[in-house]
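The values are calculated or read from the model by the stated rules, or taken from the named source; none is laboratory data. Please read all numbers here as calculations on a predicted model, not as lab measurements. Using ideal geometry, Cβ is built from the backbone for each residue, glycine included, and neighbour counts are taken over all protein chains shown. The area values use the complete protein model at the heavy-atom level, side chains included, leaving out ligands, DNA and RNA. Shrake-Rupley method; radii C 1.70, N 1.55, O 1.52, S 1.80 Å.
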Amino acid sequence: MNQPPVVEWTEADRPRSARWRSENGSPPPRRIAVADDRTRADEAYKLACEGTALLWRGDFHNARQLLTAMARRIDRRPRKAPPADVTQAFHVHRAAQNHRARILGMLLVPLDAAYGVPLHRAPDVREACTRAYGPAKPDPTPASAPQPAPGEGTATAEGSAAATASLVSLRELLALIGANEWRRKGVEIPALGGDRIHPHYGVFSPARGEYVDLVADAPLPSQELAFDIGTGTGVLASVLARRGVRRIVATDQDPRALACARENTERLGVADRVEVVEADLFPAGRAPLVVCNPPWVPAKPTSPVERAVYDPGNQMLHGFLTGLAAHLTPDGEGWLILSDLAEHLGLRPHAELLDAFATSGLTVLGRLDVTPRHPRARDTSDPLHVARAAEVTSLWRLGPADR
């Protein structure tokens, strides 16, 4: 794995540097100012909007309060007239989300060589950081340690201990902490009899259970073999195993997803029936059942976890459909689990999906539908409420057109 890039700044008239960590690939900030408990929210917000990051040297809890205050200032910005249509509303909403993330990502905190946060009242984030970033390793080109100010925690030692000292946005660090709690507690899955799936950082959580219920309820064409394409947490492969499918090959390309699926199938006691393999969509061979829950919205993701939601140009969707017939047995079925939210947003016409079935040599054998149960579908203040309220998630049962 490549070393994170180096970020440089001046502090107390000394040049300083550290490794820069950003899971969404944000470049290192060009300008850094030091901030502490005396820094006012208006000043911090102004500097962040101007492109200056703030390296926090005060109390950790006060940094969280400052982040909340900056978010309130973003929310108080004058709102423009509502977009003319829902497609435009989607793009405006995404732009606003990106703007918010950029501004709030300007508040930084230091990490020492062992992923400790050298600030007063800072939580222990070592486990969360290790799970997201991997174990701290010696750096062949060490950066200088970002030392805390006097009275703000234990200073990071120079030399080898400084080898992996780094800076990270507080917003990302809080996301790591939250994701680690999700991983510890897990997500209850009714289709698994109330057992839990434990999502890893960067792997999409199956919090929306309706699509899992579709796979739990659809009539099985066979219990011999199934492929689960893009397995993620391994939840669908585990549901199929609990339904009696004797062998499931679950594929993914993301190392985090592969590790997550293996851990979950072990926890659930189905690892003897679920083989998790690294593959670009399909494994070798054919199966009487091939299942895929691709990203639902054709848009560009801005973070690793968003790759489970946004699929630029419908690449995974079309890749699955194009290759499906060649990986089905003659009497087999392909189950495509797909929301029509993109249709209601004007991002993918319904006719385009039907044309993709036909050009891929597939026929529709049946369809199961479910409406969303998540709170956002009922939130009238959501700028995309009209589309979310009309959303339907479907399990399309597809077979070879010549069957």
- Condition test on I177, is it among the aliphatic types (A, V, I, L, M), modelled with pLDDT of 95 or more and open to solvent by 30 Å² or more (accessible area, probe 1.4 Å)? yes
- Query: Of all residues in segment 331-378 being among the hydroxyl-bearing types (S, T, Y) and closer than 24 Å to T87 by Cβ, which is modelled with the lowest pLDDT?
  - Reply: T371
- Query: Can you name the number of the only condition in (1) at pLDDT below 95; (2) open to solvent by 30 Å² or more (accessible area, probe 1.4 Å) that Q223 fails?
  - Reply: (1)
- Message: Take the residues in segment 186-197 that are part of a loop (DSSP other than H, G, I, E, B) and either open to solvent by less than 20 Å² (accessible area, probe 1.4 Å) or among the hydroxyl-bearing types (S, T, Y) (or both); name whichever of them is farthest from D369 (Cα to Cα).
- Response: G186
- Task: Only residues in segment 384-399 that are more than 15 Å from R208 (Cβ to Cβ) count as the first member; pair them with residues that are open to solvent by less than 40 Å² (accessible area, probe 1.4 Å) and of a type in the set (S, T, Y), Cβ under 7 angstrom, at least 6 apart or cross-chain, and list the lot.
- Result: none
- Task: Count, please, the residues in segment 68-86 that happen to be open to solvent by 20 Å² or more (accessible area, probe 1.4 Å), out of contact with any Gly (no Cβ under 8 Å at 6 or more places or on another chain) and not charged (D, E, K, R).
- Result: 6
- Item | Residues satisfying the stated conditions in segment 255-291, i.e. under 20 Å from I337 (Cα atoms) and among the basic types (K, R) | R286
- Tally time: how many residues in segment 87-129 are touching a Leu at 6+ places or on another chain (Cβ under 9 Å) and buried (at least 19 other Cβ atoms within 10 Å of the Cβ)? 15
- Task: Just give me the residues in segment 255-287 being in a strand (DSSP E or B), touching a Ser or Thr at 6+ places or on another chain (Cβ under 8 Å) and either farther than 23 Å from Y133 by Cα or charged (D, E, K, R) (or both), in sequence order.
- Result: V274, E278, A287
- Item | Inter-residue pairs, beta-carbon under 8 Å, first closer than 19 Å to A279 by Cα and open to solvent by less than 50 Å² (accessible area, probe 1.4 Å) and in segment 298-325, second in a helix (DSSP H, G or I) and at pLDDT below 90, 6+ apart | none
- Counted residues in segment 37-61 being in contact (Cβ under 8 Å) with a residue 24 or more places away in the chain, over 30 Å from H385 (Cα atoms) and open to solvent by 50 Å² or more (accessible area, probe 1.4 Å) come to 3
